[in-house]
Ligand SMILES: C[S@@+](CC[C@H](N)C(=O)[O-])C[C@H]1O[C@@H](n2cnc3c(N)ncnc32)[C@H](O)[C@@H]1O
């Protein structure tokens, strides 16, 4: 397991009890289904609570149960109504995170007792968030499920550093790619050399742990040593840090400056199109687990 947040491991889901404020509201009406509840796979955005969608806000404000993980700001948890049943299924410092099968089981069980269940996930639920796996599991167990897209960290974190992920002069294509893959997933890993040749820009999630190897592969694939690169740690929230340098220097500079997870790595000419003046101030918020 990498030091970065990537999902599953051993313990069971933790019931955090019920929220204790404001009147409880019922969730929105659902379509015909075999179980009473609908699970909404909701994107929480990258951290800044103002990047939450209106739909996510409405669902959070009216949900009967909430299942959330580490990359979700506390300010969003304040939106839930009194009586909402809360389950934390993220990684805790010094502990393993909740295994995916436990999270799946919690969601199915909650759908038997509640009408509106929000499964809140950092960023976008379908981008390196296991949203697809959870949706399939729920459908296979007769549970009504809807996805609510969110603002992904791979666009927002660079934006909060003033970096556009595409640019007419510098990048007509961009690839969202994970730098951390499970070895047992049963298909070939990321072809970094191929990506060096075919994508103008790369936005790498969970990339710090294997960064040295990734950079070496990209250089071997034909990217020049001076290719601009950036790392944005803890994008959009308190403690955001960014580093801009060349691809050749990236791994050493990340190590020397002690950058850590969660972080987005951007590689490509778009980094040189950075406009720091357009970068918003990071939001002063706390995450459930301090980064
Ligand atoms: C399991 S992936 C989840 C991605 C999420 N579904 C999304 O769309 O943003 C977790 C990784 O996303 C990236 N990430 C999430 N939030 C971030 C943030 N606020 N700043 C920088 N990177 C972030 C990091 O690479 C982190 O290790």
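The values are calculated or read from the model by the stated rules, or taken from the named source; none is laboratory data. What you see is a predicted model; the values in this text were computed from it and never measured. In this analysis, Cβ positions are derived from the backbone assuming ideal geometry, glycine residues included, and neighbour counts consider all displayed protein chains.
Per-residue answers, yes or no, for (1) under 24 Å from residue 125 (Cα atoms); (2) within 16 Å of the ligand (Cβ to nearest atom); (3) surrounded by 15 or more Cβ atoms within 10 Å (Cβ to Cβ):
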residue	(1), (2), (3)
198	no, no, no
204	yes, yes, yes
217	no, no, yes
226	no, no, no
240	yes, yes, yes
271	no, yes, yes
276	no, no, no
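Condition check for residue 129 on (1) assigned to a loop (DSSP other than H, G, I, E, B); (2) in contact with a helix residue (DSSP H, G or I) (Cβ under 9 Å, 6 or more places away or on another chain); (3) under 30 Å from residue 62 (Cα atoms): one failure, at (2). Restricting the search to segment 206-215, which residues are in contact with a strand residue (DSSP E or B) (Cβ under 9 Å, 6 or more places away or on another chain) and more than 11 Å from the ligand (Cβ to nearest atom)? Across segment 206-215, the qualifying residues are 211, 214, 215.
Looking for whichever is modelled with pLDDT of 95 or more, crowded, with 17+ Cβ neighbours inside 10 Å, near the ligand (Cβ under 9 Å from one of its atoms) and within 30 Å of residue 63 (Cα to Cα) here; the options are 135, 157. Which one fits?
157
Out of all the residues in segment 100-113, is one or more surrounded by 21 or more Cβ atoms within 10 Å (Cβ to Cβ), within 14 Å of the ligand (Cβ to nearest atom), closer than 30 Å to residue 158 by Cβ and not assigned by TED's automatic domain parsing to the domain that holds residue 237? Yes, there is a match, as at least one residue in segment 100-113 is surrounded by 21 or more Cβ atoms within 10 Å (Cβ to Cβ), within 14 Å of the ligand (Cβ to nearest atom), closer than 30 Å to residue 158 by Cβ and not assigned by TED's automatic domain parsing to the domain that holds residue 237. Quick check, is residue 122 assigned by TED's automatic domain parsing to the domain that holds residue 146, buried (at least 19 other Cβ atoms within 10 Å of the Cβ) and either free of Cβ contacts under 8 Å to residues at least 24 places away in the same chain or under 18 Å from residue 70 (Cβ atoms) (or both)? The answer is yes for residue 122. The sole residue among 234, 242, 146 that is in contact with a strand residue (DSSP E or B) (Cβ under 9 Å, 6 or more places away or on another chain), in the same structural domain as residue 38 (by TED's automatic domain parsing) and closer than 25 Å to residue 51 by Cα is 146.
Report yes if some residue within segment 102-110 is at negative phi and part of a loop (DSSP other than H, G, I, E, B); otherwise report no. Can you show your working first?
Initially, segment 102-110 is screened for residues at negative phi, giving 102-110.
Filter again for part of a loop (DSSP other than H, G, I, E, B), leaving none.
The answer is no, given that none of the residues of segment 102-110 is at negative phi and part of a loop (DSSP other than H, G, I, E, B).
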